[in-house]
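Report on the structure given below.
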Amino acid sequence: MTDLWSVLLQGLTASGAALVLLGVKAIFRDKLSPRWQFGVWGVLLLALLWPAGLGGRYALVNWPLLVETLKTALTGDYGLTRVLFPIPLPLGLSAPRTVWDWLYLLYLAGALFLLARYALSYLLLRRALARGGPAGPERLSQLRRVAETYGLPLCRAVEVPGLSTAFVCGVLRPVLALPAGEPVDDKVVLHELLHLRHRDAAWGLLLCLLKCLWWWDPLLWYCMDRAGNDLESLCDQRVLERLEGEDRRDYGRILLSMASRKYARAPGTSSLSNGGKCISDRIQAIARFKRYPRGMALVSVCMAVLLALPLLGSAQGLVHATGIGAEDQTEFLTAMASARLTPCTTAAGALDSYAKAVLEENGIYRALCAPLSLHASLAGEMEAAASGPDPWVHEHWEPDLPGYPQRNYFLYGLAPVDGGYEALLVLPMQFIWGADGAPVYPPEWGNGCAAAQPLRAEEQDGRWVVLPLGGFTVYETGQSPDNLSWLYWGDESLPAAAVYRGEAGDFRLEVRLQTVWTVDNEVQLDPAASFFGSGTGFDSTPKPAAVFEGVQLASFGEAVFTGDEAAKAELHHLGLSVAPMEEDGSRPALEEPSHGAGGGSGSDGGMWASRTLSSDWDGTLPLGGGSGGIDPDRVFPLPEGYAADLYVNGEPAASVVLERVEGGEGS
């Protein structure tokens with residue numbers, strides 16, 4: 001069983017489009033041809049067939065947001081309403097459990113009742129036509145003459161006693177029904193043969209089916225009747241375009257005889273709008289008849305396309321709840337509904353939304369990138385915080401940070417894992433909580449501090465979501481507390497994306513790689529606010545469709561002496577040079593370290609260092625960190641290995657390959 005809310009969402013979306021179309025048609029009532037007046041209803045048909053809210057889109061009015069808010073307010077359901085099919089048919093069978101299930105059953109009962117009523121009406125009409133006899137020779141001669149004169153097709157014709165006018169009945173095997181024993185004007189025959197040629201009975205059947213599906217919506221019901229009237233006016237226009245002089249003037253009088261009260265609006269017939277109420281409107285249209293120039297057809301098509309673009313969905317947006325108190329429940333529910341309707345379409349967008357949810361402690365932002373199954377519990381956490389003894393604003397969410405972060409974040413070691421991505425969220429911290437619960441500030445650290453949390457981004461239900469893989473860990477970085485933006489270039493104190501090791505005599509050689517992924521979050525500040533400072537700042541608004549702006553590849557390494565003290569005493573100079581192996585597995589050319597003290601790095605990821613050793617040497621030769629940008633749009637596999645040359649006392653001592661012992665491919 002589907003739900004009442006999807007029916008309501010589809011109906012409201014179509015009704016909004018219908019109101020716009022009715023307004024436009026009123027403006028251009030006497031300016032555009034009946035072809036346009038009927039054809040523009042195709043935009044409403046598309047609005048009815050296009051599942052409302054598909055892809056988070058809405059037409060003009062954000063009906064999905066309204067329906068989601070109303071649903072949650074009335075039912076407490078934080079699930080996402082989805083219109084899977086434009087026809088709101090039940091999906092499976094289950095016993096109704098709520099009043100909304102019963103209302104949906106009432107909707108289905110109404111649709112089935114009308115469908116049965118129309119079907120019975122059509123069957124009774126076919127039965128009445130079956131009692132008629134084939135058209136006589138004289139009547140057939142008239143039909144052939146009119147058809148040949150205007151180049152129109154014919155179908156089987158029957159004469160039925162008691163009919164007040166002629167009409168076409170049936171779609172697959174149409175029948176032209178004529179009143180028995182009564183003369184029928186050639187212009188009436190022309191009218192019905194034009195209905196036959198353009199298969200207007202099929203349009204009539206479609207309108208009846210739509211009225212069954214949307215019986216509860218008086219506006220859509222009215223529009224179906226208007227579409228039927230416009231279909232008849234279009235047929236009148238086609239007749240008048242084929243008549244001349246007195247015949248054209250006489251057509252309005254004959255039109256009065258075509259009203260059929262008995263079979264008006266019968267499904268599957270051309271009598272859809274032959275009721276007496278619409279005849280006066282059609283006569284007025286006939287009085288305004290004019291031949292429209294050929295160029296108006298192109299104008300009509302262009303206007304219909306321009307109408308269709310905004311009516312079939314063109315916008316989506318995120319409602320940001322800021323400063324909402326616990327008493328403003330409606331705005332809170334609206335913000336949560338907006339988060340459900342604004343899916344993160346990229347892994348970068350989901351990770352960006354999560355990072356900003358943590359930075360801002362904003363549960364609405366967290367809902368953007370949280371699985372839909374967690375929305376109810378997430379809302380409960382925010383409501384509890386807002387109504388507690390020390391109430392927060394309603395969107396407050398507690399991410400269990402170990403302190404207070406700066407307004408920035410970095411993603412370390414992003415790598416594809418099991419169809420998703422895993423990364424380490426790194427937040428530079430302003431202070432951390434001490435053991436006694438008091439804040440500990442940078443002067444007490446010596447170096448800067450960062451909090452890191454492992455995350456996984458994956459696709460669920462057509463949206464990217466983020467799942468924490470653990471809590472936050474505090475790291476003391478090698479950077480100054482006042483310049484933690486340098487975390488963009490990597491930091492040796494933070495975990496590596498991959499580790500490479502090898503042995504060379506009495507030395508263990510190691511290289512550690514980090515990848516640092518970033519989203520463009522730079523925003524221009526108000527000139528007045530930035531008069532004495534930078535003109536740019538950090539954009540704290542989530543970007544659900546973000547892409548990675550850039551990736552930095554940072555590398556660190558070292559040579560560690562593992563021999564005995566006697567061998568160590570013989571060392572007076574040490575050099576090490578490393579570079580990633582070529583993609584084809586061949587060994588690259590390595591930079592030879594100088595004989596003095598120094599080091600450097602190259603654009604190819606290579607590093608080198610040399611040192612004259614003192615008697616108190618600690619046994620380690622560090623390689624300075626090298627960093628370079630990577631194109632985030634292409635997969636960048638981390639090197640399979642590193643070539644390393646070790647120099648001892650100014651002479652080459654070993655050439656080895658460091659193999660990867662930790663970390664994955666990366667991307």
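So here's what we get for this one:
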{"read-out": "Unique residue being touching a residue at least 24 places away in the same chain (Cβ under 8 Å) and under 18 Å from TYR104 (Cβ atoms) when the list is LEU60, LEU84, LEU54, LEU22", "value": "LEU84"}
{"read-out": "Subset of the stretch 345-390 (residues that are outside any loop (DSSP other than H, G, I, E, B), of a type in the set (Ser, Thr, Tyr) and under 23 Å from TRP517 (Cβ atoms))", "value": "SER353, TYR354, TYR365"}
{"read-out": "Helices (runs of 4 or more DSSP H) contained entirely in the stretch 147-266, each with at least 2 residues that are at pLDDT 85 or above and within 19 Å of TYR122 (Cβ to Cβ)", "value": "186-197, 200-213, 218-240"}
{"read-out": "Matching residues in the stretch 362-397 - criterion: being surrounded by fewer than 19 Cβ atoms within 10 Å (Cβ to Cβ), touching a Phe, Trp or Tyr at 6+ places or on another chain (Cβ under 7 Å) and of a type in the set (D, E, K, R)", "value": "GLU381"}
{"read-out": "From TYR409, TYR354, TYR365, residue being over 19 Å from GLU549 (Cβ atoms) and of a type in the set (Phe, Trp, Tyr)", "value": "TYR365"}
{"read-out": "Unmet criterion (only one of (1) surrounded by 14 or more Cβ atoms within 10 Å (Cβ to Cβ); (2) at pLDDT 85 or above; (3) assigned to a helix (DSSP H, G or I); (4) not acidic (Asp, Glu)) for GLY79", "value": "(3)"}
{"read-out": "Residue selected from the stretch 580-635 under the condition β-branched (Val, Ile, Thr) and farther than 18 Å from ALA559 by Cβ, by the criterion modelled with the highest pLDDT", "value": "ILE630"}
{"read-out": "Members of the stretch 568-604 found to be in a strand (DSSP E or B) and either basic (Lys, Arg) or within 18 Å of SER614 (Cβ to Cβ) (or both), listed by number", "value": "HIS573, LEU574, GLY575, LEU576, GLY598, GLY599"}
{"read-out": "Odd one out for THR536, checked against (1) modelled with pLDDT of 85 or more; (2) at negative phi", "value": "(1)"}
{"read-out": "All positions within the stretch 200-232 that are farther than 20 Å from VAL171 by Cα and over 33 Å from the mean Cα position of the chain (by Cα)", "value": "ARG226"}
{"read-out": "Hey, GLU503 at pLDDT 90 or above, of a type outside the set (Gly, Ala, Ser) and exposed (fewer than 13 other Cβ atoms within 10 Å of the Cβ) or not", "value": "yes"}
{"read-out": "Elements of type strands (runs of 3 or more DSSP E) in the stretch 398-506, at least 2 residues being farther than 21 Å from SER555 by Cβ and more than 34 Å from the chain's Cα centre (by Cα)", "value": "420-433, 473-476"}
{"read-out": "Positions within the stretch 425-476 being of a type in the set (Gly, Ala, Ser), at pLDDT below 90 and surrounded by fewer than 17 Cβ atoms within 10 Å (Cβ to Cβ), in sequence order", "value": "GLY434, ALA435, GLY437, ALA438, GLY446, GLY462"}
{"read-out": "Counted residues, the stretch 108-166 - those being hydroxyl-bearing (Ser, Thr, Tyr) and farther than 27 Å from LEU206 by Cα", "value": "3"}
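The values are calculated or read from the model by the stated rules, or taken from the named source; none is laboratory data. Given the structure is predicted, the values throughout are model-derived calculations rather than measurements. FYI the Cβ positions are ideal-geometry reconstructions off the backbone, even for glycines, and counts take in every protein chain you see.
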